[in-house]
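Some notes on the structure that comes next.
Taken together, the values in this text are just the output of simple stated rules run on the coordinates, not laboratory data. All values derive from a computational prediction rather than experimental measurement. Methodologically, a virtual Cβ is constructed for each residue, glycine included, from the backbone with ideal geometry; neighbour enumeration extends over all protein chains shown.
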Amino acid sequence: MTVKIEIQRGSAVPLSRRHPKFLGQGMLKGMEVVLDHWFKSFGPKLENFSQTAGIFTTEYPEERLKLAEAYRNLPILLYDDETGQELCTSCLQCEKICPPQVIHITQTKDPSTGKLVLAAAEFIIEYDACMGCGLCAEVCPFDSIKMDHHYELSTADHASLTMHKADLLRPVSYYQSLAPTFWEQTKENAYKKLQNTVKRRSGLLGIAPSMVGKVQPPETKPAE
Amino acid sequence: MEALINYLLNTALNLHAPEWVILLIRHLLVATILFLVVPFQMLLLTYFERRVIARMQDRVGPNRVGWEGVLQPIADAVKMFTKEDIVPAAADKGVHLLATGVVVVPTMFMLSVLPWGPGMTPVDFETSLLFFFAISSVSAIGLVMGGWSGNNKFSLLGAMRAVAQMISYEMPAILSILALVLMTGSMSISKIVEAQGGLIANLTDLPKVPDLGLGWLLFTPVGFLAFVCFFISALAEGERTPFDIPEADSEIVAGYMTEYSGMKFGMFYLAQYVLNFALCAITATLFFGGWQGPGVSQLSAMGANNQLFSILAGALGVVYLLLKTYFFFFTMVWIRGAFPRLRIDQLMGLGWKFLLPLTLVNIFSAAIWAACIHWGPEQGLAFLSAFGPWKRWAIAFLSTLVINLLAATLLVRINSSAESSMPKLVEDQKFGAVTLP
Amino acid sequence: MLKTQELQINIGPQHPSTHGVFRVLVTVDGETVVDLKPVFGYLHRNHEQIAESNTYLQNMPYTDRLDYFNSMTNNHAYALAVEKLAGIEVPERAEYLRVIMAELTRIFNHGCALGFLVNDMGAWQTALAFGIREREKILDLFEMVSGARMMCNYFRFGGVARDLPEEFIPRLKELMIALPSYTDEVEKMLRENEILLIRSEGIGILPPELAISYSVTGPVLRASGIPYDIRKADSYSVYGRFDFDVPVGTVGDVYDRFIIRIEEMRQSLRILTQALEQLPDAEGGHINPKARQAVRPPVGDAYGRVETPKGELGFYLVSDGSTKPYRYKVRAPSFINLTPLADMCRGYKVADIIVILGSIDIVMGEVDR
Ligand code: SF4
Ligand code: SF4
């Protein structure tokens, strides 16, 4: 049986097996390439993508690559700089999407009424098992969970990698410095949603712990 | 040196020391210097190799410890010292330990017969060339001991390969050196170096050429072919790429060193680099004039009146030798950066089917060379003395060149035709159509 | 004949050149291989079972970890399968972005595969270092678009996660200057090297019939002389719009597998150039907005496959109408290409096993899943 394999646009080209004309020619060529790189390594460093020679080592930690805005390491939570209000409403979207299931959220209950409040009482991310996929940041409708650029997290203390809400919270300005254009795109939407959320919070609920005492809790009581 | 010690002991201190005391002190001193210099060289070589190869690969290499990383080898040595020394439970412990010594000591001995500068041979005797190669083979025993005692299949395989390789490359190495012995008429390394003064042609062959210390044996057809063969063999003997098969890490882990750790591993490492250094140095010495170079002989001639000049000549000679040695080591690193390695059977084939016949032919040319230049009526070749020395040199040069070129091309032809007898399975296959079974 | 004793050697699981935790049980007679048995499973991670308990989107980051070298093409195959299952349209721009990413992946994978192959022959990293150098640049680009260098997780059902940042195209164009000279350089350095020639010519020959019956794919199959490339045979995405050739080998030995990778890098460059020319502007969007929500495909099954640098990567999905796949099966090219190893190695030397293994270009993460 003969199977004909049709190829449109372009053809199957058999590879030619070239051989050196005299013994040692191929080896000399190889040595030439290597020596060329040795000489060029004393020249300018490889900084431009169009170069193919020159030293390309980045000497971490003195030199660091500029991270792309989209860079993602591990997730953090945001709160507003001025009011201290957390952006998270504990809608549990991120907990549901997280593939390794490392996000654990406890929703807040108003101590007086026992009703759910739009804020997370506890927000735990197991950094040791998080795969840094960024899906949580993608699904969050309130732009509350974002991916951090900080990558020097190595520690000998395993337990410290279970991050609680207080460890995760960062001000919005921090995220803005990491990814200015991304924040620019979502800023308006995020603040609008935050205002709606704040309307339905009361007292100190939903205020970042580090900001408690520094900001005035909102006066308005949630509409009954 | 003896004169200096003699002066110090007998004249300055007035001790009336007998001659053997002076000799003993001299040898002790030299041995101390060697033992200090050699490990230092090894450290430098590892650093040098890592930096050079890193630059060939667009990296920087170790540059953290000390200025530009020069202290890196010392940090490595400290690491080696402080590491746990693991001896496998099933190992033959005595042999396991002894092997390191048997490997390291001979390599140190090799350096004792090298002429480091004019009149600076630690131990100078008539058959030092023979001694050099004889002692280098002793470490093969150490390799077998190390490979066998570890009780590991990989180390045993590695040791077997190492010994097979060493033995089969000793042959072409020594045979190519034999050509030099024929040419210079001496088996003493220092004499061979002394014979390499001159310019292109050396002084023994053409006494009238100006002495710039450039009459290297490399510049003769016999010497050149011997150099090529010897350098290839040296790569194989020093287990350098493309012949680093005994410790082919991609195949048999670390070869005979697999079961070694800590300082014992370090000793093998040391032995290897010292061996490489010795081989580079002997290549430089035999073919590239060793300490010979422009100015050395003039300086030592002036040294007859003033001690200072002979010290200067010595220093210049050492610098020349080290420069040449490091050039060869650079070449070794360069080759390592560029090539993959051969397979063990291909290596054996290269040694026995290519290098050995080539060196044999080379010995024949060396005999012709010696005959053309040195023989005369006593050997029944009275007609040769009819030519002047220049003519005799030219005849020798041309005839050996022709012989060596012919032999080399013929051997390349024979060997490459054997290699290309490769099965062509898909010869008649049409592209785009496949016959399914 | 001398009677000799056969010796059994375990190469691996901890061995410098088995490309991961992989064991080969070799029976040797002297240095000649009599028989060989690959043993794998040391890296088994229950990928398929985990995937069946995850929702469709949750699996996307897990596919990165299959062949961790080429996360982009893994994403592509999985996205194709789900799109087929759920009938999701992909905007044109997204298709082009996918092709660009996939071809960049192919280039650096082949570059590094060459390096690893030459390393297995005993070279001291130089070819690999050059490959890694180009790979670093490409990974910089990946980081720019997806946020991660290796575990990109960039593809989504109906498109890609985000559009290109501004500086991407200029940098890619700079890179396109470097890549051809890189391929030329590698070719100059190694293609005619005598040592490489005698180490690889006539070694590990895989006859085309055998290759087909083992259902080997990718460069290994093409090196055996069969021009089967899914980009041509089952043209997915927008591959039908590009001119490119399919290089095929003539003997099917290690050397063919070596040079075929150089040629394929060239062809990928051709595709990249054309894709950059044809790339539509951002108006069409980079993702089908309808597909943003959780996918709930109708009952049925689908098979999505792409030509990854290592061969045909396929995802077979069965949906029971819920948000999770009922059955999820990966056809991993590394795994299937590894099966004829014994047939390729028999009769050659021990040192050749490593070279042949290197020429298949496997990634254990994909073999064991
Ligand atoms: S971080 Fe975002 S997605 Fe997660 S619970 Fe808070 S608001 Fe919801
Ligand atoms: S980055 Fe991925 S793994 Fe980590 S918490 Fe977010 S969704 Fe979970």
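Descriptive notes on the structure:
- Beta bridges assigned by DSSP with both partners in segment A:75-211 are antiparallel in approximately 80 percent of cases.
- Scattering curve values for chain C, log₁₀ I(q)/I(0), Debye with Cα scatterers, q = 0.09 Å⁻¹: -0.50
- In this structure, the residue pairs whose Cα-Cα separation is over 29 Å, taken from A:LYS45/C:LYS188; B:LYS153/C:LYS329; C:LYS37/C:LYS324, are B:LYS153/C:LYS329; C:LYS37/C:LYS324.
- Rg and Dmax, both from the Cα atoms of the protein assembly as shown and both in Å, are 35.0, 130.
- Computed E for A:GLU32/B:ARG413 - FRET, C-beta separation, R0 22 angstrom, nearest 0.05: 0.30
- 23 Å Cα-Cα reach of B:LYS391 towards lysines, excluding residues that sit fewer than 8 places from it in its own chain: B:LYS208
- Of the residues B:ILE414, C:LEU80, B:ALA304, the one whose Cα sits farthest towards the positive end of the charge dipole of the protein assembly as shown is C:LEU80 (charges of +1 on Lys and Arg Cβ, -1 on Asp and Glu Cβ, taken about the Cα centre).
- 25 °C / 0.890 mPa s Stokes-Einstein diffusion coefficient of segment C:284-369, Kirkwood radius on C-alpha pairs, µm²/s: 155
- With coordinates expressed along the principal axes, the C-alpha atoms belonging to segment C:114-157 extend over 42, 19, 10 Å, beginning with the largest.
- Distance from the Cα centroid of segment C:298-326 to that of segment B:69-88 is 52 Å (rounded to whole angstrom).
- Calculated FRET efficiency for the pair B:TRP352/C:GLU31, C-beta based, R₀ 25 Å, to 0.05: 0.95
- Where labels lie 7 Å past Cα in the beta-carbon direction, separation of A:VAL215 and B:LEU398 in nm: 10.0
- Where trypsin sites (Lys or Arg not before Pro) fall in DSSP loop in segment B:133-241, at most 12 other Cβ within 10 Å: B:LYS208
- Separation between Cα centres of segment B:267-298 and segment C:60-129, rounded to whole Å: 50
- Reachable aspartates and glutamates, given that their alpha-carbon falls under 15 Å from the alpha-carbon of A:LYS40 and they are not under 8 places away in the same chain: A:GLU32, B:ASP58, C:GLU185
- Highest-fluctuation residue, B:GLY147, B:GLY117, B:GLY101 considered, GNM on chain B with Cα pairs under 10 Å: B:GLY101
- Residue with peak Gaussian network fluctuation, chain C [Cα springs, cutoff 10 Å], from C:ARG45, C:ARG106, C:ARG93: C:ARG45
- Charge dipole magnitude, Cβ of K and R +1, D and E -1 - the protein assembly as shown, Cα centre, debye nearest 20: 600
- Shape class for segment A:75-211: oblate, because the ratio a/c of the largest to smallest gyration tensor axis (alpha-carbon atoms, square roots of eigenvalues) is 1.5 or more and b/c is at least a/b.
- DSSP finds beta bridges in the protein assembly as shown, and of those with both partners inside it, around 85 percent are antiparallel.
- Residue by residue along C:244-254, Cβ atoms of other protein chains within 10 Å of the local Cβ number 6 on average.
- Within a Gaussian network of chain A (alpha carbon springs, distance under 10 Å), most fluctuating of A:PRO14, A:PRO111, A:PRO100: A:PRO14
- Förster-model FRET efficiency, 45 Å R0, A:THR113 and C:ASP301, C-beta, rounded to 0.05: 0.35
- For segment B:86-357, the square roots a ≥ b ≥ c of the C-alpha gyration tensor eigenvalues yield an a/c of 1.5 or more together with a/b exceeding b/c, which makes the shape prolate.
- Dipole orientation for chain A: of the candidates A:ILE55, A:THR83, A:LEU116, A:ILE55 has the Cα lying most toward the positive pole (charges on Cβ; Lys, Arg +1; Asp, Glu -1).
- Taking label points 7 Å from Cα along the Cα-to-Cβ direction, C:ALA342 and B:LYS79 give a separation of 4.1 nm.
- Spin-label pair B:ASP92-B:VAL318: with each label point 7 Å from Cα along the Cα-Cβ axis, the two points sit 4.2 nm from one another.
- For peptide C:179-186, the mean count of partner chain Cβ atoms within 10 Å of a residue's Cβ comes to 2.
- Cα shape, segment B:222-370, gyration tensor, a/c 1.5 rule: oblate
- Averaging Cα coordinates gives a centre for segment A:95-148 and one for segment C:12-59; these two points are 37 Å apart.
- Partner lysines for A:LYS165 [C-alpha distance under 20 Å; skip if fewer than 8 residues away on the same chain]: A:LYS96, A:LYS109, A:LYS146, A:LYS214
- Here chain A is treated with +1 on each Lys and Arg Cβ and -1 on each Asp and Glu Cβ, and its dipole about the Cα centre works out to around 940 debye.
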